[in-house]
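*Asks:* Structure in structure tokens, see below.
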Amino acid sequence: MQVWCFVGANGLWALCGDEAGVSLPEELGPWTFLKVASLDGTEKDELEAKALITEHGFCCFDPSTVS
């Protein structure tokens with residue numbers, strides 16, 4: 001699954017299913033595009049992110065908690 005990675009005003013990151021970031025929550029923005037990424041679903045976190053993106057259009061996370 002190809003996703004677009006954005007960072008919000010408070011340092012929160014988000015993965016989004018669309019390159020424009022239209023599904024990202026406005027209250028956590030403004031959002032700045034970082035990069036395009038690919039989720040292959042081999043890691044538990046990636047499976048959860050894919051499910052959230054499919055359901056909500058985005059997945060937010062604190063990058064300091066990612067190993």
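*Asks:* Restricting attention to the range 44-57, report how many residues are within 15 Å of V22 (Cα to Cα), hydrophobic (A, V, I, L, M, F, W, C) and either touching a helix residue (DSSP H, G or I) at 6+ places or on another chain (Cβ under 7 Å) or open to solvent by 60 Å² or more (accessible area, probe 1.4 Å) (or both).
*Replies:* Looking only at that region, the number is 0.
*Asks:* Does A37 meet the test of being open to solvent by less than 40 Å² (accessible area, probe 1.4 Å) and outside any loop (DSSP other than H, G, I, E, B)?
*Replies:* Details: open to solvent by less than 40 Å² (accessible area, probe 1.4 Å): yes; outside any loop (DSSP other than H, G, I, E, B): yes.
Yes: the conditions hold for A37.
*Asks:* Also, quick follow-up: Pull out all pairs, ordered by first then second residue, where Cβ-Cβ is under 9 Å, the residues are six or more apart or on different chains, the first lies in the range 27-40 and is without any contact (Cβ under 8 Å) to a residue 24 or more places away in the chain, and the second is exposed (fewer than 13 other Cβ atoms within 10 Å of the Cβ).
*Replies:* Filtered contacts from the range 27-40: G29/A9; P30/A9.
*Asks:* Here are some residues: K35, K44. Which one is modelled with pLDDT of 95 or more and among the charged types (D, E, K, R)?
*Replies:* Answer to the check: K35.
The values are calculated or read from the model by the stated rules, or taken from the named source; none is laboratory data. What you are looking at is a predicted structure, and each value in this text was computed from that prediction instead of being measured. Every residue, glycine as well, gets a Cβ built from its backbone with ideal geometry; the counts of neighbours run over all protein chains shown. For accessibility, only protein heavy atoms count, side chains too; no ligands or nucleic acids. Shrake-Rupley method; radii C 1.70, N 1.55, O 1.52, S 1.80 Å.
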